[in-house]
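Since the structure comes first, as structure tokens, the remarks are kept for the end.
Every read-out reported here was derived from the displayed coordinates using simple, explicitly stated rules and does not represent laboratory data. Since we're looking at a predicted model, the values are computed, not measured. Positions of Cβ are generated from backbone atoms using ideal geometry, with glycine treated the same way; all protein chains shown enter the neighbour counts.
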Amino acid sequence: MTQIIETVDFMQSGKQVGWLRVPHSVTRSGYGVIPVPVAVWRNGDGPAILLTAGTHGDEYEGQVVLTRLVQTLQAEKMRGLLIVIPSLNTAAAIAGTRVSPEDDGNLNRAFPGDAFGGPTWKIADYLFNQLIPMVDVVGDFHGGGTSMSYRPHASTHYSPEAPQELKARSLAAVKALGVPHVAILESVSGGGGMSTATRHHGKIYLNGEYGGTGSLTPDSITLVDGAVQRLLAFFGSTDREFAALPEPEVLRLYGHVYVSEPGVFVPFTRLGQFVSTGDRCGELVFPENPERAAIPIHFERSGVVVCQRHPARVDRGDCVAHLAGPDE
């Protein structure tokens, strides 16, 4: 049983903007809540869609686009049910951090959640047991956050045992978002992510990494806005029509590169560059000990560089690059 209190009625026709009040009793406020903003549209028969951003608070593209959607979309311009939460882990979004400052929770590792846990786990439990069962499609918009920079891609996640119809519909949907590169993540459930929660309920899950570095660009905003609008049109929530685009490149993600000790990471590659096994990813330099020789960091697989670390200073175990290759 959720402890979250809703100020909206998901069965009511029209448009509502309100709050999901997440109980959070602390010294400064014994009966306090974390108000998570939520908007709901319902207009007759049609698809049921949940759109979220701010799962990680330092990823801003989706937060901005969904905020604008809340302000502009009217119920008479859509059909079915649409639920939009532009800053899902609101405490992290306000702090500009990947994890919540209230409980150090990473929302995309907290599913299926805990109704009696910290705020992050309460939110995960609410989505898992209340919202995701209510919809047909979940669109969760991410970016690289402050630590990573991505070549933008849209993605869909499903398990190997998923029905072929679900796989085909998911692939068609992600290819319709207008993003030049799409990634397919087909894996067994696990990891505590929203993709796991969505797959548990047999729903379509659309994701993506649309930028990074904890900043925004006009191009990244335009790309996410187009993806949101095309998602709504693809599933029949709106009647908007779009010009056909070239077929996107379909990729599989793999090949994380990690460093084994602290230092300053100097990259030798660029986003979008093809590399081969054994090529240098970069090197670790030690300005605090200038007589120490740099340590080379190598790629362990071939592929295209789709993600690179943004801050130069690294610690042991930090990821500094991520590869992808053609879907086969």
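The residue that is farthest from Arg270 (Cα to Cα), among those in segment 284-299 that are surrounded by 15 or more Cβ atoms within 10 Å (Cβ to Cβ) and not aliphatic (A, V, I, L, M), is Phe286.
For segment 37-78, a tally of residues being without any contact (Cβ under 8 Å) to a residue 60 or more places away in the chain and not in a helix (DSSP H, G or I) returns 13. Taking segment 231-268 as the region of interest, how many residues are buried (at least 16 other Cβ atoms within 10 Å of the Cβ), over 25 Å from the mean Cα position of the chain (by Cα) and of a type in the set (Ser, Thr, Tyr)? Matching residues across segment 231-268 total 0.
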